Amino acid sequence: MRYLLLACLMSALAIVAVLKPATAAPTVRQGVAAMARQDYPAAVAILSPLAQRGDPVAQAYLGYLYSLGRGVPQNYTQAAIWYRRAADQGHSGAQYELGLLYDKGQGVPVNVIQAEKWLILATAAAPKAAADDRTRMRDAVRTKMTLGDLAQARMEALAWRPRPEEH
């Protein structure tokens with residue numbers, strides 16, 4: 001009897017394991033895979049609900065898709081909104097991209113203080129492979145700033161704390 005019960009349980013687990021992938025919610029990894037195969041509408045369809053629920057990685061990718069107009073109309077304002085949501089949660093790639101948008105005035109007003117603040121944060125948290133490029137870009141923005149602007153940006157960067165979205 002014990003063996004029959006164990007066999008039934010194992011069969012049920014096997015069925016659940018087979019069915020689970022078909023019913024599992026889409027993941028960021030699936031959205032990235034859609035981007036890799038250049039199926040941008042599918043990437044947007046997968047990433048949008050995840051981003052709406054507060055996933056900072058999905059938000060950063062959605063910002064990227066809006067900034068380039070892949071799977072959605074190009075819209076720097078929407079890109080800035082998504083990058084900002086991810087940046088506020090501590091996503092360094094989104095912080096970097098948001099800093100560039102503030103520097104160029106794309107989707108947001110030109111603001112060298114905000115550009116510098118986000119670039120300081122992005123550079124501090126940069127993966128090794130991106131650190132040099134981010135440092136160069138941050139330093140390029142600094143050439144447009146007064147000492148007062150730079151001091152303000154540094155104070156804002158020091159005061160910044162990540163804020164996970166609550167849902």
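Return a yes/no flag: does region 136-148 have any residue that is under 26 Å from Ala36 (Cβ atoms) and open to solvent by 50 Å² or more (accessible area, probe 1.4 Å). Yes, region 136-148 has at least one match.
Of all residues in region 122-148, count the ones that are in contact with a helix residue (DSSP H, G or I) (Cβ under 6 Å, 6 or more places away or on another chain), in a helix (DSSP H, G or I) and closer than 24 Å to Gly54 by Cβ. The qualifying residues number 1. Checking Val108 against (1) open to solvent by 30 Å² or more (accessible area, probe 1.4 Å); (2) more than 11 Å from the chain's Cα centre (by Cα); (3) within 26 Å of Asp139 (Cα to Cα): exactly one of these is not met. Which one? Val108 satisfies every listed condition except (1).
Considered as a group, the residues in region 149-167 that are assigned to a helix (DSSP H, G or I) and surrounded by fewer than 15 Cβ atoms within 10 Å (Cβ to Cβ) include one that is farthest from the chain's Cα centre (by Cα), and that residue is Ala151.
Can you name the residue in region 34-49 that is aliphatic (A, V, I, L, M) and out of contact with any Pro (no Cβ under 6 Å at 6 or more places or on another chain) and is also nearest to Ala60 (Cα to Cα) among such residues?
First pass over region 34-49, keeping only residues aliphatic (A, V, I, L, M): 34-36, 42-47.
From what's left, out of contact with any Pro (no Cβ under 6 Å at 6 or more places or on another chain): 34-36, 42-45, 47.
Values: Ala34: 15, Met35: 13, Ala36: 16, Ala42: 16, Ala43: 13, Val44: 12, Ala45: 15, Leu47: 10 Å.
Restricting to residues being aliphatic (A, V, I, L, M) and out of contact with any Pro (no Cβ under 6 Å at 6 or more places or on another chain), the top hit is Leu47.
Based on this model, can you work out whether Tyr66 counts as under 18 Å from Ala153 (Cβ atoms) and part of a helix (DSSP H, G or I)? No; evaluated as a whole, the condition is false for this residue. Tallying residues that are open to solvent by less than 70 Å² (accessible area, probe 1.4 Å), more than 17 Å from Pro164 (Cα to Cα) and of a type outside the set (A, V, I, L, M) within region 35-76 yields 9.
The values are calculated or read from the model by the stated rules, or taken from the named source; none is laboratory data. In this text the structure is predicted, and so the values were computed from the model without any measurement. Reconstructed Cβ throughout: ideal geometry from the backbone, glycine too, with neighbour counts over all protein chains shown. Please note that ligands, DNA and RNA were not included when accessible areas were found on the heavy atoms of the full protein model with its side chains. Shrake-Rupley method; radii C 1.70, N 1.55, O 1.52, S 1.80 Å.
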